1. Sort region 1-76 into rounded, prolate or oblate with this rule: let a ≥ b ≥ c be the square roots of the eigenvalues of the Cα gyration tensor; rounded if a/c is under 1.5, and if a/c is not under 1.5, prolate when a/b is larger than b/c, oblate otherwise.
2. Using the Cα atoms of the chain, I'd like the radius of gyration and the largest Cα-Cα distance, Dmax, both in angstrom.
3. Using helices alone, I'd like the mean residue ellipticity at 222 nm for the chain: each DSSP H run of four-plus residues gives -39500 (n - 2.57), total over residue count, nearest 500.
4. Lys/Arg Cβ at +1, Asp/Glu Cβ at -1, dipole of the chain taken about the Cα centre: which of LEU50, ALA82, ILE106 is farthest positive-ward?
5. Rank the residues SER15, SER67 as a footprinting-exposure proxy: fewest other Cβ atoms within 10 Å of their Cβ go first.
6. Equivalent-ellipsoid semi-axes (√(5λ), Cα gyration tensor) for region 3-46, whole Å, largest first?
7. Looking only at the chain, where both bridge partners belong to it, what percent of the DSSP beta bridges are antiparallel (to the nearest 5)?
8. Please give the helix 12-23 orientation as an angle from the longest Cα principal axis of the chain, in degrees from 0 to 90, rounded to the nearest 10.
Amino acid sequence: MIDHVGLAVTDYQRSFDFYTAALAPLGYALVEKHGGNAGFGPPGMPLFWLHHQPETQSRTHVAFVASNRAGVRAFYDAAIAAGATDNGAPGLREIYHPHYYGAFVIDPDGNNVEAVCHHPDSDGDIA
């Protein structure tokens, strides 16, 4: 159900150092880092992200798993129809990996909510 969670942090280095130390006993470490983003988790699976944002309205980001890209589009359309604000239309986000297909909305309380499919087939279900 949950693909990953992200926190916006105002002091990136302080938070990076804190989570590096705090997550180590749980077996989680830095998996991926680019720009002001750091992903922690088990090897090869960045499930918990820090995002540097000096000022932010919302500090929470949750991404839900979609079994296919059509599901990402359906999530986006339903969320917009239910009152969400666009924060990134459905599409590839190759900065993350070549098959990362996601859509982002801001919910009524200002949280950044995403649906994501990692499957390379545009509408193929994940087994």
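What follows is calculated from the coordinates using simple rules that are stated; it is not laboratory data. Here the structure is a predicted model, which is why all the values come from computation and not from measurement. Here the Cβ positions follow ideal geometry from the backbone for every residue, glycine too, while neighbour counts run over all protein chains shown.
1. On the way: a/c = 2.55, a/b = 1.40, b/c = 1.82.
It is oblate, given that a/c is not under 1.5 and a/b is not larger than b/c.
2. When restricted to Cα atoms, the chain yields Rg and Dmax of 15.0, 43 Å.
3. Details: 2 runs with 25 residues, N = 127.
Helix contribution divided over all residues of the chain: -6000 deg cm²/dmol.
4. Positive-end residue among those listed: LEU50.
5. On the way: SER15 17, SER67 14.
With the sparsest Cβ surroundings first, the list reads SER67, SER15.
6. Details: eigenvalues 51, 33, 16 Å².
In descending order, the three semi-axes are 16, 13, 9 Å.
7. Numbers: 25 of 35 bridges.
Around 70 percent antiparallel, to the nearest 5.
8. Around 80 degrees separate the two axes.
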